[in-house]
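Right, one structure below, let's go through it.
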Amino acid sequence: MPPRLKINKWDKFNYYTIIKELEQKGRLRVFKCQCICGEIKKVRLDTLRSKKDSSCGCIKKTKQSKPRTHWLTWTGIQRSYYHLKDRCENPDNKRYYDYWGRGIKNLWNSFEAFVNDMRGTWQEWLQIDRIDNNWHYCKENCKWSNRKEQMNNKRNNVIIKYNWKKLTLTQWGRELNIPYKRLEARYRRGWSIDRLFIN
């Protein structure tokens, strides 16, 4: 008997993203899936693997097989894409030189490509965030973050390594129960790391 195929949440099959495995019916494994268009559907594993059901029906069989994305107009994921595109490519954007001036580019050549890469982990309350603030907007360097995570990832944050951990000054304050203003004042005075974290 072949080993049971391990399938995790967010795994992708064609234009589907796995949400969770449902109760098995006989020998058939069934999954709750989200199509790239947002449609939720129950799909059998054998169908997913055979590519007979590559989408919920939103994909027209063309040479490009591009997903239709008109249903995403004015949604959060569309705003995220066009805001990052504007920051990187529009000289009239007040933040343009913070990105273009540092060589940071949008490497997604279309909204459809962005959706295909980032839709699987998107939630309405999250915002696009770069893992390395000195690198481009692309699948390998982007994730969805809440506002607190984004603030901790700002390039002007002070990052301090202590006891084999690297955290921002704000995070160290929470970790050690020391008010941020006190830590900031000590840091600006040039205190050593050992003195900086004395409570």
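The values are calculated or read from the model by the stated rules, or taken from the named source; none is laboratory data. The model shown is predicted, which means the values in this text are computed figures rather than measured ones. We place every Cβ from the backbone using ideal geometry, glycine too, and count neighbours over all the protein chains shown.
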Selected residue [free of Cβ contacts under 8 Å to residues at least 40 places away in the same chain, charged (D, E, K, R) and within 25 Å of Lys9 (Cα to Cα)] from Lys105, Lys139:
Lys139
Filtered residues of segment 33-61 (kept if surrounded by 14 or more Cβ atoms within 10 Å (Cβ to Cβ), modelled with pLDDT of 75 or more and either farther than 19 Å from Val115 by Cβ or among the hydroxyl-bearing types (Ser, Thr, Tyr) (or both)):
Val43, Arg44, Leu45, Thr47, Leu48
In contact with a His (Cβ under 9 Å, 6 or more places away or on another chain) and outside the structural domain of Thr168 (by TED's automatic domain parsing), is that true of Cys138?
no
